[in-house]
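These notes concern the structure reproduced below.
The values are calculated or read from the model by the stated rules, or taken from the named source; none is laboratory data. Only a predicted model underlies this, so the values are computations on that prediction, with no experimental measurement involved. No Cβ is skipped: glycine too gets one built from the backbone with ideal geometry, and neighbour counts run over all protein chains shown.
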Amino acid sequence: MKHILVPIGISSNAQNTLDYAIALAQHYTAQLYVMDSYTAKSPSHLGNIKNVIHKNNFDRVKEIIQSIDSKGVDIQLVQYEGDLLSAIASLDDKVGLDLIVMGLKPNTIDDKVFLGSGSGKVVKHTDIPVWLVPADTSFSPPKKALFAFKTGRIKGDRSLEILKSISKEFKTAIQLLLVKTPGNKREDLQIDHEIVELSDGMLSTENATVYQGVLEYFQTVEPDLLTVFARKRGFFEKLIESGSIAKKDFYTTKPLLVLKNRA
């Protein structure tokens, strides 16, 4: 893992997210890219106001970077025009991003929201793995991960790369959880060898959703890291069709790694 992106929002948890990403990057001697993820709405004809807002946001992110201990990690502040998703795609084309680290605390006063619309868009519309960090969480090497999925077929060439890297770097024990949901096809229950090779054990359960399967075994496994697949029409992506995810639909106090299992 060589290139990690951290989109910084305006929440009070922004500095914590960056600290977390720095600690992670330090283990890999990775390059860290930081960009502003907050887009303020203003009338399209008032271009000068939009420019001022953009400059203020850039300066805010720059101040956050200057105020923290980089721990020797090379941090590059990325300035861009246009929307965040286009900026991420452009940077990915240029350097090849391995991971995006984002905070889970959304820019909203509604504490019923688990994943805000900004993070939701990044999870849904990019093919880059996303490591979501709960508020006020410090990085520590994950010793145990719970990897929950309802299909064991790998669709993308790079679907498991980041998880393999984590397993190797931190000696993380990965507990597999196959969740059999209504409508599962027989081929969904077949587990590709790439997943099996990562396994330190496999559990299976029958539940209405992957999340309900996670709830059944979360306390038993006690993972440091929860991992799920995002597929084109998977459970996780259906949750964020409205742009965000409510805590009643999905919630974890542990870091969440979203892998992209897309062809």
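Of the candidates Arg153, Arg186, the single residue that is among the basic types (Lys, Arg) and exposed (fewer than 14 other Cβ atoms within 10 Å of the Cβ) is Arg186.
Has segment 22-45 got any residue that is at pLDDT below 85 and not in a loop (DSSP other than H, G, I, E, B)? No - not one qualifying residue is present in segment 22-45. Screening Gly183, Gly201, Gly156 for residues that are out of contact with any helix residue (DSSP H, G or I) (no Cβ under 7 Å at 6 or more places or on another chain), modelled with pLDDT under 90 and farther than 28 Å from Met1 by Cα leaves exactly one candidate, Gly183. Just wondering, is there one or more residues in segment 106-115 that are of a type in the set (A, V, I, L, M, F, W, C), modelled with pLDDT of 90 or more and surrounded by 13 or more Cβ atoms within 10 Å (Cβ to Cβ)? Scanning segment 106-115, I find no residue that is of a type in the set (A, V, I, L, M, F, W, C), modelled with pLDDT of 90 or more and surrounded by 13 or more Cβ atoms within 10 Å (Cβ to Cβ), so the answer is no. Taken together, Lys155, Lys124, Lys164 contain a single residue that is under 16 Å from Val228 (Cα atoms), in the same structural domain as Gly9 (by TED's automatic domain parsing) and touching a residue at least 24 places away in the same chain (Cβ under 8 Å), which is Lys124. Thr126 satisfies every condition listed in (1) among the hydroxyl-bearing types (Ser, Thr, Tyr); (2) more than 15 Å from the chain's Cα centre (by Cα); (3) within 21 Å of Asp98 (Cβ to Cβ) except (2).
If you go through segment 160-175 one residue at a time, do you hit one that is exposed (fewer than 15 other Cβ atoms within 10 Å of the Cβ) and at pLDDT below 90? So far as segment 160-175 goes, no, none of its residues is exposed (fewer than 15 other Cβ atoms within 10 Å of the Cβ) and at pLDDT below 90.
Do we find that Asn57 is in contact with an Asp or Glu (Cβ under 7 Å, 6 or more places away or on another chain), modelled with pLDDT under 85 and farther than 17 Å from Ser119 by Cα in this structure? Yes. Restricting to segment 81-105, count the residues that are at pLDDT below 90 and not small (Gly, Ala, Ser). Residues flagged as at pLDDT below 90 and not small (Gly, Ala, Ser) within segment 81-105 amount to 5.
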